[in-house]
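Asker: First the structure, then my questions, so here it is.
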Amino acid sequence: MNEQDQLKADEAAIQAADREALESKAKMLGVQYHPSLSNAKLSERIKEHVAAEAAPKTVLEKAPEPEAKAAKVSVVGGKETENEARIRRKKEASELVRIILTCKNPLKAEHGGQMFSVGNSNIGNFTKYVPFENQEGWHVPKIILQLIKDSEYQHFFKDPKNPNITLSKRAKEFVVDILPPLTKDELFELAQRQAMSGSVG
């Protein structure tokens with residue numbers, strides 16, 4: 001193989017590696033794409049998805065839940081009705097908590113965050129993208145927070161007595177720092193920063 005052929009082969013290998021990384025990130029975020037989509041277009045679609053998922057919700061999440069008024073239920077015969085219980089559970093599950101999320105899983109060391117999804121037939125589904133190490137904090141529904149706290153991964157390590165043996169154990173995948181709720185002034189400042197940076201449409 002001459003030098004020119006080698007350069008072409010090296011370039012093709014780099015492009016293939018970039019494509020694999022893009023496809024892996026798209027799969028993690030749930031971004032749909034056609035296999036023939038170019039790397040540049042796929043990268044743009046991933047950025048658009050992350051911006052649409054993350055930015056608008058940060059501001060809107062401070063608003064009361066649409067069903068909050070309905071949660072002021074009337075009691076029939078001194079007991080909560082099935083529908084009232086469902087509304088209450090959904091309201092509780094959707095209550096927002098501000099957190100800083102740190103990932104301990106080395107396989108996700110290069111990831112900027114993760115999409116979480118959880119739910120059931122009673123309260124519906126909750127899906128949320130949560131960035132890692134966001135020092136301002138990130139609002140997540142309580143049900144997503146519980147999923148994060150319960151998440152584990154397979155941790156591999158060398159046997160202290162015999163380095164040739166690899167052992168494994170289940171370990172907590174995330175460290176969660178719970179922050180105090182934002183004040184009205186802080187919420188206003190956050191909305192202003194996002195509007196100035198163009199992160200909110």
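What follows draws every value from the coordinates through simple rules; no lab data is involved. This structure is a prediction, so every number in the text was calculated from the model and none was measured. Cβ coordinates were reconstructed from backbone atoms using ideal geometry, including for glycine residues, and neighbour counts include every protein chain displayed.
Asker: Starting from the Cα of Asp177, step 7 Å along the direction of its Cβ; do the same at Met28; then give the gap between the two resulting points in nm.
Answerer: According to this spin-label approximation, the distance is 2.1 nm.
Asker: For the range 111-201, report the convex hull volume of the alpha-carbon atoms normalised per residue, in Å³, without decimals.
Answerer: 157 Å³
Asker: Return the subset of Lys91/Lys169; Lys27/Lys90; Lys79/Lys172; Lys128/Lys161 for which the Cα-Cα distance in this structure is over 32 Å, preserving the input order.
Answerer: Lys91/Lys169; Lys79/Lys172; Lys128/Lys161
Asker: Could you sort 170-182, 153-165 so that the peptide with the highest average Cβ count within 10 Å comes first and the rest follow in order?
Answerer: 170-182, 153-165
Asker: In sequence order, what are the phi-derived ³J(HN,Hα) couplings for the range 169-180 according to the Karplus relation 6.51 cos²θ - 1.76 cosθ + 1.60 with θ = phi - 60°, rounded to whole Hz, with x for glycine and proline?
Answerer: 7, 7, 9, 4, 7, 10, 10, 10, 9, 8, 9, x
Asker: Would you list Glu23, Glu44 from fewest to most Cβ contacts within 10 Å?
Answerer: Arranged by neighbour count, lowest to highest, Glu23, Glu44 become Glu44, Glu23.
Asker: List the residues whose amide H sits under 5 Å from the amide H of Phe126, counting only those 5 or more places along or on another chain, with H placed 1.01 Å from N in the peptide plane.
Answerer: Residues meeting the amide H criterion: Val118, Gly119.
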